[in-house]
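Notes to accompany the following structure.
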Amino acid sequence: MTKKENPIPEKIAQYVNECYFSQGYTPSLREIAQKMNLSLSTVHGYISRMEKNGLIDGGNKNNGTNHRHARGVKTAIISKTSSDTALVPIVGTVACGTPVLAEENIERYVPLPRELIGKGEFFILKTEGYSMKNAGILPGDLVVIRKQNTAENGQVVVALTDGENATLKRYFKDDDKSPVRLHPENETMEDMFSFNVEIQGIAVKIIKDIL
């Protein structure tokens, strides 16, 4: 997670929805380019990736003709984007055991209500391993992370250790001179200690299958 989140896909989705709900139709690629102050080719690239990720539908097709260029795109995974909805990217996997690098490779976007997750910038990580099982976090769960670089004692954090290894643990630090203690919620595992810890965010929600 060394890359900054790119807000352009969310802004495009918001603009598409605003046009649809205020005017009854979605914008063309040229209109999106003008609104976002981007080149037409750049917008076309974003739209292609957003369509691949399931963020938008690339427009209606009729008799084998794609009318995207004639009158635009439409959203597919949300009925309306507004200030009370966040499009949160799933960006990779984080270990709940041996730390692994969590690559920021957006797989798709998930719409989540702000009343559920609160304010801020968010991303979602898939979990693997059992070090947080006593906190109810199991392999395959999706953990919603609020981006921030500080944490309070007892919070579950995504921590970057040694500049490259990301892990999900409970955070503790006694004072400025002591190392950070990353505590696994598993009685069979030992705490991790490090002076070189970068907080990537704190866990706010867990999304999991119940079957």
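Quick notes on this structure:
- Scanning residues 5 or more positions from K205 or on other chains, those with amide H under 5 Å from its amide H are V144, with H placed 1.01 Å from N in the peptide plane.
- Label zone (D162, point 7 Å along Cα-to-C-beta; backbone nitrogen cut-off 18 Å) within region 181-195: 181-184, 190-195.
- Global form of region 80-211, assessed from the alpha-carbon gyration tensor, a/c cut-off 1.5: prolate
- In percent, rounded to a whole number, the relative contact order of region 87-186 is 27, using alpha-carbon pairs under 8 Å and six or more apart.
- Placed amide H near V88: partners under 5 Å, 5+ positions off or other chain: V110, L112
- The HN-Hα couplings worked out from phi for region 112-126 by the Karplus form 6.51 cos²θ - 1.76 cosθ + 1.60 (θ = phi - 60°) are 10, x, 4, 5, 8, 10, x, 8, x, 9, 9, 9, 10, 10, 7 Hz, whole numbers, x standing for Gly and Pro.
- Evaluating 6.51 cos²θ - 1.76 cosθ + 1.60 at θ = phi - 60° for every residue in region 171-179, the Karplus couplings come out as 8, 9, 8, 6, 7, 5, 8, 9, x Hz, glycine and proline recorded as x.
- Region 128-182 and region 189-211 have their alpha-carbon centroids 3 Å apart.
- In this structure, the residue pairs whose Cα-Cα separation is over 20 Å, taken from K133/K177; K147/K169; K126/K147; K11/K208; K126/K169, are K133/K177; K11/K208.
- Three-way shape call for region 104-173 based on the alpha-carbon gyration tensor, with the a/c threshold at 1.5: rounded
- A cut-off of 5 Å between modelled amide H atoms, ignoring neighbours fewer than 5 places along the same chain, links Q148 with G201, I202.
Read the figures in this text as sums done on the coordinates, not as results from a lab. What you see is a predicted model; the values in this text were computed from it and never measured. So basically every Cβ, Gly included, is an ideal-geometry build from the backbone, and we count neighbours across all protein chains shown.
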